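Worksheet for the structure shown next.
The values are calculated or read from the model by the stated rules, or taken from the named source; none is laboratory data. Just so it is clear, the structure is predicted and the values come from calculations on it, not from any experiment. Neighbour counts are summed over all protein chains in view; Cβ atoms, including those assigned to glycine, are modelled from backbone coordinates with ideal geometry. The protein model used for the area step is the full one, side chains on, heavy atoms only, and it has no ligands, DNA or RNA in it. Shrake-Rupley method; radii C 1.70, N 1.55, O 1.52, S 1.80 Å.
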Amino acid sequence: MKKYLFSRVVRGIISIIVIVFIIMLLVYSLSDRDLIFFGDPVYNKALNNKKTVYKYEQWEKYGYLEYMTYADYLNELRDSGQLDKATFDAAVSIGATAEKDSDATKVYVKKFEDYCKANGFTVKRLDRVMVKSTYGNKLSMAEGGEQKLFAYKERSVFVRLGEFLKNLIKVDTINFAEGDVGERGLTFTWYDPAYGGEKFSPAIMGNGTQHKYLVYFDNKFPFIHQNIVKIQLGKSYSVRQGIDVFDSMTESQGSHLKTEVTYPTGLVEVSADDLHNATYVAGSKPTDPKNPNYTRFNDDYTNTPTLKGGKSKMGYSFVIGILAVIGAYCIGVPLGIVMARKKDKLLDKLGTIYIIFIMAVPSLAYIFMFKAVGAEMGLPTTFDVDSKSALMYILPIVSLALPSIANLMKWIRRYMIDQMNSDYVKFARSGGLSEGEIFGKHIMKNAIIPIVHGIPGSVLGAMTGALITERVYTVPGAGGLLVEALNKYDNSVIVGVAMFYAVLSVVSVILGDVFMSMVDPRISFSTKER
């Protein structure tokens, strides 16, 4: 079994990498990269050279290519001591055309071109765009027509994949902060300063780390939290600009949740600042007494997110999904068993009608139908992240559970009827076993195996959300994240979410195999040599 699991895990990891590679190939190499400018107001308003430059800048930000301007090149030379200020000032400005460059500019433009050629960059020069004046024939520079000199290099999908995997897991260390931060290290305390140092709450705090709190406790599930290891699936540039995909799925939502906070200086305020997730920003320690944070912070850990009262996207999706899964198994499995035992009887026929109805009617139709029925019953039909009412969960859970119930009923009935017609059941009857013993010890045990295999997938799949159900009931879950990213051509989000789904799929398959072997010890995943 151990050998099988190890082999399955290795193959699963390889499969995930292949999936990510294919997704990257599709979105970065085989799709039209100009689609990212669809609906971009800056791009639509820009003209002439400014529009071209903006296009290349955005392509670099989205990960299509590497981009470098002539000014960037000179800045690197100056910062490294290879270029003095006087020469920099003389060479940094390029002429309206190459012929109009100053002598100093021509020298360094040539060096820039040689450097780019040696490193695989393509140099692109845009001459100044001139237009005739509205009055007379006098020429003037067109809007956005300033001369530009830059270079670009296409990014290989293999390089992109390597960087993605390299940055997938980030570990916070005491060497994160640059400069003099005092004594670097970790501190353990039994009494968390964020609670005033009076509440018993263990915490591990760092100095020189990105996060001030590496481990802490609070009253939110799972109650113990850590900032040591972070998953990075890639930053969004359209859906939520600058936010990592995983953070976007796991950050709380809703209105600010204010609590009593004790700041590092000892000041106590009712605030929504989340000190447990404060991060380091070099030179941010307030020095001006007029600064509101002057009386709050005594170090550079001043970047504090805010606490919010609602769950995260994944949180809402998982709560609704897991309750729907539990309900589906609690209802669908018993009904499927009863249908099999009462084959061709009234209950079996009613169950078959329900299964056919769910299979025949589009999901959107019966979701709206149950939404209308729920509205007549006075149940909330839209989701409110600031509401604490459990009633708003009912309709999404019911709508999500209905097809799963029908599916479980169908397969349990089929598996049990197949087992009932098996030879071993006939032998058991001839041996004098009662129908109850035959169903409980033999038929049920064998018929439930395929159903057990699907349990991990159903549970883990709850994290991904349900697109149609969440949209109909306006649930702020994870279901619409991928669709929104596709609509906005946010490539990083597409790759990150696809990898997240791939990991859940691989893990669910492996756990399904483990569960099957636990239910039926006769199932073995090891091979014996003969």
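Of the numbered conditions (1) closer than 26 Å to Ile243 by Cβ; (2) modelled with pLDDT of 90 or more; (3) not hydroxyl-bearing (Ser, Thr, Tyr), Asn207 satisfies every one except a single condition; which is it?
(1) is the only condition that Asn207 fails.
Among the residues of segment 266-279, write down those that are free of Cβ contacts under 8 Å to residues at least 40 places away in the same chain, touching a Ser or Thr at 6+ places or on another chain (Cβ under 6 Å) and either open to solvent by 60 Å² or more (accessible area, probe 1.4 Å) or not charged (D, E, K, R) (or both).
Those that are free of Cβ contacts under 8 Å to residues at least 40 places away in the same chain, touching a Ser or Thr at 6+ places or on another chain (Cβ under 6 Å) and either open to solvent by 60 Å² or more (accessible area, probe 1.4 Å) or not charged (D, E, K, R) (or both): Leu267, Ala272.
What do you reckon, is Val27 under 21 Å from Gly242 (Cβ atoms) and surrounded by 12 or more Cβ atoms within 10 Å (Cβ to Cβ)?
Values: under 21 Å from Gly242 (Cβ atoms): yes; surrounded by 12 or more Cβ atoms within 10 Å (Cβ to Cβ): yes.
Yes: the conditions hold for Val27.
Can you name the residue in segment 296-309 that is in contact with a Phe, Trp or Tyr (Cβ under 8 Å, 6 or more places away or on another chain) and in a loop (DSSP other than H, G, I, E, B) and, of all such residues, is nearest to Glu251 (Cα to Cα)? Reasoning before the result, please.
Residues of segment 296-309 that are in contact with a Phe, Trp or Tyr (Cβ under 8 Å, 6 or more places away or on another chain), as a first pass: 296-297, 300-301, 303.
Cutting the leftovers down to in a loop (DSSP other than H, G, I, E, B) gives us 296-297, 300-301.
Numbers: Arg296: 24, Phe297: 24, Asp300: 23, Tyr301: 20 Å.
Here the residue is Tyr301.
Return only the number of the condition from (1) at pLDDT 90 or above; (2) loosely packed, with under 14 Cβ neighbours inside 10 Å; (3) not acidic (Asp, Glu) that Ser255 does not satisfy.
Going through (1) at pLDDT 90 or above; (2) loosely packed, with under 14 Cβ neighbours inside 10 Å; (3) not acidic (Asp, Glu) one by one, Ser255 breaks only (1).
Report, by residue number, each residue of segment 280-311 that is buried (at least 20 other Cβ atoms within 10 Å of the Cβ), of a type in the set (Ser, Thr, Tyr) and either over 21 Å from Tyr213 (Cα atoms) or within 25 Å of the chain's Cα centre (by Cα) (or both).
Those that are buried (at least 20 other Cβ atoms within 10 Å of the Cβ), of a type in the set (Ser, Thr, Tyr) and either over 21 Å from Tyr213 (Cα atoms) or within 25 Å of the chain's Cα centre (by Cα) (or both): Tyr280, Thr304.
Restricting attention to segment 111-118, does a residue exist that is among the small types (Gly, Ala, Ser) and open to solvent by 60 Å² or more (accessible area, probe 1.4 Å)? Full working, then the answer.
As a first pass, look at segment 111-118 and keep what is among the small types (Gly, Ala, Ser): 118.
Among the residues that remain, those that are also open to solvent by 60 Å² or more (accessible area, probe 1.4 Å) are: 118.
Yes, that holds for at least one residue.
Counting only residues that are open to solvent by 60 Å² or more (accessible area, probe 1.4 Å), farther than 30 Å from Leu30 by Cβ and touching an Asp or Glu at 6+ places or on another chain (Cβ under 9 Å), how many does segment 132-163 have?
Step one: filter segment 132-163 for residues open to solvent by 60 Å² or more (accessible area, probe 1.4 Å), giving 132, 134-135, 137-139, 141, 143, 146, 148, 154, 158-159, 163.
In the following step, the residues that additionally are farther than 30 Å from Leu30 by Cβ were identified as 132, 134-135, 137-139, 141, 143, 146.
Imposing the further condition that a residue be touching an Asp or Glu at 6+ places or on another chain (Cβ under 9 Å) reduces the set to none.
Here the count works out to 0.
Name the residue that is farthest from Tyr67 (Cα to Cα), counting only residues in segment 139-185 that are touching a strand residue (DSSP E or B) at 6+ places or on another chain (Cβ under 7 Å) and free of Cβ contacts under 8 Å to residues at least 24 places away in the same chain.
Gly185
Hey, does segment 313-331 have a residue that's touching a residue at least 40 places away in the same chain (Cβ under 8 Å), within 30 Å of Lys212 (Cβ to Cβ), not small (Gly, Ala, Ser) and not in a helix (DSSP H, G or I)?
no
From the list Ala46, Ala71, which one is out of contact with any helix residue (DSSP H, G or I) (no Cβ under 8 Å at 6 or more places or on another chain), of a type in the set (A, V, I, L, M, F, W, C), under 30 Å from Val131 (Cα atoms) and open to solvent by less than 60 Å² (accessible area, probe 1.4 Å)?
Values: Ala46 fails: out of contact with any helix residue (DSSP H, G or I) (no Cβ under 8 Å at 6 or more places or on another chain).
Only one candidate qualifies: Ala71.
Can you tell me which of (1) open to solvent by 50 Å² or more (accessible area, probe 1.4 Å); (2) of a type outside the set (Ser, Thr, Tyr); (3) within 30 Å of Lys61 (Cβ to Cβ); (4) in contact with a Leu (Cβ under 7 Å, 6 or more places away or on another chain) is the one Val245 doesn't meet?
Going through (1) open to solvent by 50 Å² or more (accessible area, probe 1.4 Å); (2) of a type outside the set (Ser, Thr, Tyr); (3) within 30 Å of Lys61 (Cβ to Cβ); (4) in contact with a Leu (Cβ under 7 Å, 6 or more places away or on another chain) one by one, Val245 breaks only (1).
In the list Tyr62, Tyr4, which residue meets the criterion of being among the aromatic types (Phe, Trp, Tyr), open to solvent by 30 Å² or more (accessible area, probe 1.4 Å) and modelled with pLDDT under 90? Steps first, answer last, please.
On the way: Tyr62 fails: open to solvent by 30 Å² or more (accessible area, probe 1.4 Å).
Only one candidate passes the filter, namely Tyr4.
Do we have Gly336 as assigned to a helix (DSSP H, G or I) and either modelled with pLDDT of 85 or more or in contact with a strand residue (DSSP E or B) (Cβ under 8 Å, 6 or more places away or on another chain) (or both) here?
Details: assigned to a helix (DSSP H, G or I): yes; either modelled with pLDDT of 85 or more or in contact with a strand residue (DSSP E or B) (Cβ under 8 Å, 6 or more places away or on another chain) (or both): yes.
Taking the combined requirement at face value, the residue satisfies it.
Just give me the residues in segment 384-417 being touching a residue at least 24 places away in the same chain (Cβ under 8 Å), open to solvent by less than 40 Å² (accessible area, probe 1.4 Å), of a type in the set (Ser, Thr, Tyr) and over 21 Å from Phe357 (Cβ atoms), in sequence order.
Answer for segment 384-417, where residues must be touching a residue at least 24 places away in the same chain (Cβ under 8 Å), open to solvent by less than 40 Å² (accessible area, probe 1.4 Å), of a type in the set (Ser, Thr, Tyr) and over 21 Å from Phe357 (Cβ atoms): just Tyr393.
Within 30 Å of Lys349 (Cα to Cα) and at pLDDT 85 or above: does that describe Ile455? Before the answer, list the steps.
Numbers: within 30 Å of Lys349 (Cα to Cα): yes; at pLDDT 85 or above: no.
No.
Can you name the residue in segment 339-383 that is among the charged types (D, E, K, R) and in a loop (DSSP other than H, G, I, E, B) and, of all such residues, is surrounded by the fewest Cβ atoms within 10 Å (Cβ to Cβ)?
Just the residues of segment 339-383 that are among the charged types (D, E, K, R), to begin with: 341-345, 348-349, 371, 376.
Among the residues that remain, those that are also in a loop (DSSP other than H, G, I, E, B) are: 342-345.
On the way: Lys342: 13, Lys343: 13, Asp344: 8, Lys345: 12.
Top of the filtered list is Asp344.
Look through Val123, Val109 and report the one residue that is of a type in the set (Val, Ile, Thr), part of a strand (DSSP E or B) and modelled with pLDDT of 90 or more.
Val123
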